[in-house]
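The values are calculated or read from the model by the stated rules, or taken from the named source; none is laboratory data. Quick caveat, the model's predicted, so the values are computed rather than measured. Here the Cβ positions follow ideal geometry from the backbone for every residue, glycine too, while neighbour counts run over all protein chains shown. SASA here: full protein model, heavy atoms, side chains in, ligands and nucleic acids out. Shrake-Rupley method; radii C 1.70, N 1.55, O 1.52, S 1.80 Å.
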Amino acid sequence: QVQLVESGGGLVQAGGSLRLSCAASGRIFSSYTAGWYRQAPGKQREFVARITRDMNTKYADSVKGRFAISRDSARNTVYLQMSSLKPQATAVYYCAAGFLLGTYGTGVQYWGQGTQVTVAS
């Protein structure tokens, strides 16, 4: 069993930065691909970024070059560094883990509770 707890969300001005953290319990977490999704009001949950156990990364086109995902295996924690934030990034951000993380959350086996990110214009 894996539990995921996100932190680091908040209110930021457009152009600013935030770093989200996802602390995981359970040794099996290190075997999983971990990632981030987001859901804006009235919209479907969407993929943001993911990192495999071998540190291979993938990003949604909308965040490439501005967001960076990383993981600290010793701390069982995954991070999402978000820079040059835009108002359209406003959403609840969810940490996820599984062997396959699909575009709309298919394959996700564990979800965190979410953390709100609000980008003011």
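Cβ-Cβ under 9 Å, sequence separation 6+ or interchain: first residue in segment 51-71 and open to solvent by 80 Å² or more (accessible area, probe 1.4 Å), partner assigned to a loop (DSSP other than H, G, I, E, B) and β-branched (Val, Ile, Thr). Which pairs?
Final answer for the pair search is Lys58/Thr52.
Among the residues of segment 19-30 satisfying the criterion of being of a type in the set (Gly, Ala, Ser) and open to solvent by 40 Å² or more (accessible area, probe 1.4 Å), which is modelled with the lowest pLDDT?
Selected residue: Ser30.
May I ask you to list the residues in segment 37-50 that are open to solvent by less than 50 Å² (accessible area, probe 1.4 Å) and touching an Asp or Glu at 6+ places or on another chain (Cβ under 9 Å)?
Tyr37, Arg38, Ala40
Give me a count of the residues in segment 81-105 that are out of contact with any Gly (no Cβ under 8 Å at 6 or more places or on another chain) and within 13 Å of Arg50 (Cα to Cα).
5
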